[in-house]
Amino acid sequence: MNFRNYPMVSKIVFGRSSFDQLGEIIEPKRINTKAPFIFLVDDVFKGNVWLTSRIPLAYEDEILYISADEEPKTSQVDELVEKIILTHKDRPSGIIGIGGGTLLDLSKAVAIMLTNEGEAKDYQGWDLVKRPAIYHVGIPTISGTGAEVSRTTVLTGPNKKLGINSDYTPFDQVILDPELTKDVPKDQWFYTGMDCYIHCIESLYGTYLNAFSQSYGEKALDLCKEVFLDDKISKEESEDKLMMASWHGGMSISFSQVGIAHALSYGLSFVLGTKHGIGNCIVFDHLEEFYPEGVKLFKQMKAKHNINLPQGLCSDLEDYEFSAMIDMALALEPLWENALGKHWKQKITKDKLKSLYQKM
Ligand code: NAD
Ligand code: ZN
């Protein structure tokens, strides 16, 4: 038996307004005045003085605003790296990502590609990164993905959607300030929050479960139930708890794996560009056969918050599009094995997946 030896986020701050400590946290990491900190910030915050005036800029530090309308691409990472190298003489002192999973993943990937040769697509997979990334900090502004704690950065490349999974991927520093999530629109709050809920269900009902992942998964699931089903919870308490649920859910899947909803959602995303949170919801809604209790509770939460998921996403798809989706989903073997055990191939056929996609 070869037990996995995982890296963790080295340092973490938690608390409302802890974002104000960013300056004192990063300053000792400045290599010299010519080596800037590059802040990759979700462009939803452009012009939002409440947040941007607190970004501690000095010397040649720079803010790059980036849209989260589309999920990160390997080509986008390469372009950002090139831009940073061309603009600044010295290699940056650090990359600071401020935003949701999209910005956090981009920041991790840029930090890796600043020290590794070639293109981001060359590193999609497991343990392909050769050199440590530069110092990188993650500051989530929406809760659920667990990208703040995970060992991966999910990227869509020319041939596949797959993470750069490596010991160098996790952040060196994370700042968890739940107040930063206060203006997340309701639907998006639900979709990204459900990503966390689905992480818990897929982990807890998977065959890879062990006491380590279970302890985190159970805690995260309890927190999700409080956040999404308890009428008495205050907005602040709900923000605090969902941020911790995201962290624990991410820890849980790090030591186990996600499952069928994620496999199918990756297929949707690869062919239709459907975003992770909403894609997971659309898929999970049809998985009662595999996760009966989890889907039942999901439907309750969906009804409680008046969420209407898009329907008929796959109704006009051509056969080649179904095939691409199905092949993408089936390529994620560990996810299927976690969900259904070693003999999963006997239980899942391409026709089965097509019939599931046709319902969405
Ligand atoms: P996101 O980063 O895509 O953002 C969703 C929307 O919310 C965007 O429109 C964004 O502008 C907006 N937003 C974010 N913070 C806001 C705020 N405070 N106020 C108002 N609007 C705000 O959403 P996400 O669901 O966090 O991330 C999805 C991405 O995360 C996907 O690319 C997915 O592949 C990735 N992901 C990564 C991991 C990992 O372990 N690395 C795990 C799960 C998902
Ligand atoms: Zn997810």
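Here are the numbers for the structure shown:
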quantity: Dipole magnitude (debye, nearest 20) for the chain, charges at Cβ of Lys, Arg, Asp, Glu; calculated: 580
quantity: Computed lengthening from residue 4 to residue 54, 0.36 nm per intervening residue step minus Cα-Cα distance; calculated: 14.1 nm
quantity: Share of Cα-Cα pairs in the range 73-219 lying beyond 22 Å, as whole percent; calculated: 44
quantity: Over 24 Å (Cα to Cα) - which of 241/342; 108/304; 11/89; 108/130; 121/275 fall in this group; calculated: 241/342; 108/304; 11/89
quantity: Magnitude of the charge dipole, the range 9-101, Cβ model with Lys/Arg +1 and Asp/Glu -1, debye to 20; calculated: 380
quantity: Antiparallel %, DSSP beta bridges [both residues in the chain], to 5; calculated: 10
quantity: Residue 96 long-range amide H proximity, modeled H, under 5 Å; calculated: 38, 39, 40, 137
quantity: Alpha carbon centroid spacing (whole Å) that separates the range 89-160 from the range 1-79; calculated: 11
quantity: Distance between modelled label sites at residue 207 and residue 233, nm, 7 Å Cα→Cβ extension; calculated: 3.3
quantity: Label point 7 Å beyond Cα of residue 186 along Cβ direction - residues of the range 292-331 with amide nitrogen under 19 Å; calculated: 298-311
quantity: Inter-label distance, nm, simple model (7 Å from Cα along the C-beta direction), residue 88/residue 20; calculated: 2.7
quantity: Gained length - residue 304 relative to residue 351, 0.36 nm times residue gap less alpha-carbon distance; calculated: 13.5 nm
quantity: Charge tally in the Cβ shell below 13 Å around residue 290, where Lys, Arg are +1 and Asp, Glu are -1, residue 290 excluded; calculated: -2
quantity: Volume per residue of the C-alpha convex hull in the range 199-241, rounded to whole Å³; calculated: 60
quantity: Net length gained if the chain between residue 311 and residue 131 were fully extended (0.36 nm per residue, minus Cα distance); calculated: 60.4 nm
quantity: Radius ratio Rg over Rh of the chain, counting only Cα atoms, Kirkwood formula for Rh; calculated: 0.96
quantity: Normalised contact order of the chain, rounded percent, pairs of Cα under 8 Å and 6 or more residues apart; calculated: 15
quantity: The chain: calculated mean residue ellipticity at 222 nm from DSSP helix runs of at least 4, using -39500 (n - 2.57); calculated: -14000 deg cm²/dmol
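Bear in mind these aren't lab numbers, they're just calculated from the coordinates by the rules spelled out. These numbers were taken from a predicted model, which means no experiment stands behind them. As a convention, Cβ positions derive from the backbone with ideal geometry for all residues, glycine included, and neighbour counts pool all protein chains shown.
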